[in-house]
2 protein chains.
Amino acid sequence: MCDTSSAAPHLPPEGEQRVVSIGDLATEAGVTIRDASIAFRRWGAFRGDPHGKNNILLVEHALTGDSDATNWWCEAVGPGKALDTDEWCVICTNALGSCYGSTGPASEHPDGGVWGSRFPAISMRDMVNAEHAFLQELGISRVHAVIGGSMGGARTLEWTLLHPEEVDYALVLAVSARASAWQIGMQTAQITSITQDPAWQGGNYHGTGDTPDAGLAAARRIAHLTYRGEMEIDERFGTSAQPGENPLGPFREDGERFAVQSYLEHQGVKLTKRFDASCYVALTEALNRHDVGRGRGGLNKALASSTVPTMIVGIDTDILYPYHQQEHLSRNLGNLLAMAKLSSPVGHDAFLVEARQMDRILRNFIALTRDTPSAHDVAVSRGSYDI
Amino acid sequence: MCDTSSAAPHLPPEGEQRVVSIGDLATEAGVTIRDASIAFRRWGAFRGDPHGKNNILLVEHALTGDSDATNWWCEAVGPGKALDTDEWCVICTNALGSCYGSTGPASEHPDGGVWGSRFPAISMRDMVNAEHAFLQELGISRVHAVIGGSMGGARTLEWTLLHPEEVDYALVLAVSARASAWQIGMQTAQITSITQDPAWQGGNYHGTGDTPDAGLAAARRIAHLTYRGEMEIDERFGTSAQPGENPLGPFREDGERFAVQSYLEHQGVKLTKRFDASCYVALTEALNRHDVGRGRGGLNKALASSTVPTMIVGIDTDILYPYHQQEHLSRNLGNLLAMAKLSSPVGHDAFLVEARQMDRILRNFIALTRDTPSAHDVAVSRGSYDI
């Protein structure tokens, strides 16, 4: 399947989504996902050698993201922007398990119907292996950098450990080396609120006319409080009442809300209109299983083995992936390129919304990847003297 | 009803719970709770003037606490301990709205049956007014100090603003001047998980043979993650599997858990065995309504008006009531006695579990209340010169 020629990869028109078949994919836990596909978009012309130095930036989205990085990261990706599509060929895949074109529990099963509960539990490594197979299908076996935040950062870390020879540089934002127990607790609360919705039907609700929207909305309301800093939410809403409602009335009433309740309900309902509950469960479960140390002699040994020059970025007010987790990464990674901290009241989502700070960080990262020898350069350089 | 004599109050034997009828209580939002009662315990002999200087320490419990402070704060209250019952008369009430003897939604209604949905929404001020009526029933109109953490801290703050002439000193731990939008969001998620449990039955499940245990347990699991610091939880559980279970299997299964899931489920089930869901909703709703600024010209004006010498204590890792909220209190309170910070990975619950640090803080507080003139002393002193 792998195109080993050095011909330029065949890429779709800029910004248009394409779906690439990657065949069967065996998961880390031993299940085969038959006839899997990965959806992607690209921007900017490809330059260089698909099996050597080239200008590909592989951008990895977060939990409910999609392949349209120029939408969810519009201030970072585009002509003249930090990830400058006049210079770089930006490729963004939709993660395995998601519902935006790649194979996931809401996709059609090869035997008919929807995968539903037949879709196995997947890990970050399965997602990366799917992306790796996708790049091979395109005839690409090396990228200039992998870049991602949150779940995208977890995949980026796994890229550097699963396929270090194919990644020149990495930028890992707002994530940890493994799920923390607190994250597992919060994420399991979200999974449970979906799977205990009667409409869940064991994960096989597709085609029944009923969907676990209430459970998914409840999950999102909890999740949102981990994505946003308490200072930012409080500055916006405080104890204000939702206009026209009285949350201080003589009896508690569901329809008499504080403004923040209305805001969170809006966030929850909004997600049910664009995301599938079974995919939310699959990806959240994959976050629970995030652990770069698994099968590699433990966390710090795994990180120490990393050869890819990697920049780590954290956010001072992130409660989901607290800054000390990025400090841990920076202390233990085998080839730390740089470390940066976003200062923001926004919390975890700051990497998506603090455009000015992110612009500086992304430009610094790109500059470092020009000036700093990659692991490959070092190997070549060493080779000429030592071998 | 109020005993205005200076006779020593009639107190029950040490450690035995008594229930005191306080008659009808009008809530802040305009509903009358008929024939209300407050349960309490006391330790240590009363000394002094029930309407002047005396040795009463009124201890206020947190959300699911009860009147037995020698149980939930066993390392702080007792003979020779920081709140030394050889010296002080410690009184601990059960909060209005709770289910440990005081009137709440699970109590019997004067017209028969259980209050259920007839129980109104209450506020911290309603709880304090109930405690105030209770002390009046005992013939007490002044206390040496009110002491409380979390919901107990919110009531302590309200004591200093509602009845400053009856409180010589106050110790406020791990709370804020008002609910933050983030707290309202997290607390509403808990209320919703109970009220959306089909067994809730509009709050009138008592006597039906069905109770919203699943909803209450889910609420507690979320709450627990706000009570405990993520570092403490992670140090204990990390990504460990529950013994005998495999959370990394080929498919996600409810019964194959990480250790932290099992721990949180245990916390949830444990609460359902000792607490009533409707009381949990009533008290959580009261926390949503916590706002010392309401009707007092705003938050800082209300705090500035405080005359009671008040010590503020926060915890460096508290995500429910972050330390900057206690800094806000300390900057704005009209009569700040002292400020202290607990350093702990435990988060919010540190005021209950970091016994050594709490011992020092409580002893410091007691010492300060001996050395520092109270608002009353200052008034008397000023009086002799200025009036």
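The values are calculated or read from the model by the stated rules, or taken from the named source; none is laboratory data. Model, not experiment: these values are computed from the prediction. Cβ sites come from the backbone with ideal geometry, for glycine too, and all protein chains shown count toward neighbours. These area figures cover heavy atoms from the full protein model, side chains too; ligands, DNA and RNA do not enter into them. Shrake-Rupley method; radii C 1.70, N 1.55, O 1.52, S 1.80 Å.
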Considering each of A:Lys301, A:Lys341 in turn, give the residue that is assigned to a strand (DSSP E or B) and among the charged types (D, E, K, R). A:Lys341
Leading residue by the ranking (surrounded by the fewest Cβ atoms within 10 Å (Cβ to Cβ)) among those in region B:59-83 that are touching a residue at least 40 places away in the same chain (Cβ under 8 Å) and not in a loop (DSSP other than H, G, I, E, B): B:Trp72
Long-range neighbours under 6 Å by Cβ, at least six apart or interchain, first residue acidic (Asp, Glu) within region B:136-165, second open to solvent by 10 Å² or more (accessible area, probe 1.4 Å) and part of a helix (DSSP H, G or I): B:Glu158/B:Arg125
Scanning region B:134-172 residue by residue, the ones that are open to solvent by less than 10 Å² (accessible area, probe 1.4 Å) and part of a strand (DSSP E or B) total 12
Spot the failing condition for B:Asp318; the list is (1) out of contact with any strand residue (DSSP E or B) (no Cβ under 7 Å at 6 or more places or on another chain); (2) buried (at least 16 other Cβ atoms within 10 Å of the Cβ); (3) modelled with pLDDT under 95, and only one is missed. (3)
Among the residues of region B:344-373, what is the count of those that are aliphatic (A, V, I, L, M) and in a loop (DSSP other than H, G, I, E, B)? 1
Can you name the residue in region A:246-271 that is farther than 25 Å from A:Val175 by Cα and polar (S, T, N, Q) and, of all such residues, is most open to solvent (accessible area, probe 1.4 Å)? A:Asn246
Any idea which of (1) in the same structural domain as B:His206 (by TED's automatic domain parsing); (2) open to solvent by less than 60 Å² (accessible area, probe 1.4 Å) is the one B:Arg274 doesn't satisfy? (2)
Output the number of the condition that A:Gly295 fails; it satisfies all remaining conditions of (1) open to solvent by less than 10 Å² (accessible area, probe 1.4 Å); (2) among the small types (Gly, Ala, Ser); (3) assigned by TED's automatic domain parsing to the domain that holds A:Val175. (1)
Taking region B:246-274 only, how many residues are out of contact with any helix residue (DSSP H, G or I) (no Cβ under 7 Å at 6 or more places or on another chain) and more than 10 Å from chain A (Cβ to nearest Cβ)? 6
Of the residues in region B:111-124, those that are buried (at least 23 other Cβ atoms within 10 Å of the Cβ) and in a helix (DSSP H, G or I) come to B:Met124
Can you list residue pairs whose Cβ atoms sit under 9 Å apart, with the first residue in region A:289-312 being modelled with pLDDT under 95 and the second being open to solvent by 60 Å² or more (accessible area, probe 1.4 Å) and not β-branched (Val, Ile, Thr)? Count only pairs 6 or more apart in sequence or on different chains. A:Asn300/A:Arg331
Quick check: anything in region A:84-99 open to solvent by 40 Å² or more (accessible area, probe 1.4 Å), farther than 19 Å from A:Glu131 by Cα and part of a strand (DSSP E or B)? no
Those residues of region A:24-42 which are out of contact with any Pro (no Cβ under 6 Å at 6 or more places or on another chain) and open to solvent by 20 Å² or more (accessible area, probe 1.4 Å) amount to A:Asp24, A:Ala26, A:Glu28, A:Thr32, A:Ser37, A:Arg41, A:Arg42
I'd like the full set of residues that are assigned to a loop (DSSP other than H, G, I, E, B) and surrounded by 18 or more Cβ atoms within 10 Å (Cβ to Cβ), limited to region A:10-23. A:Leu11
Of residues in region A:90-121 being within 14 Å of the chain's Cα centre (by Cα) and aliphatic (A, V, I, L, M), the one farthest from A:Ile184 (Cα to Cα): A:Ile91
For A:Leu264, are the conditions met, namely being modelled with pLDDT of 95 or more, outside the structural domain of A:Gly202 (by TED's automatic domain parsing) and under 30 Å from B:Leu283 (Cβ atoms)? no
For region B:22-35, which positions are more than 14 Å from every other protein chain (Cβ to nearest Cβ) and out of contact with any Phe, Trp or Tyr (no Cβ under 9 Å at 6 or more places or on another chain)? B:Gly23, B:Asp24, B:Arg34, B:Asp35
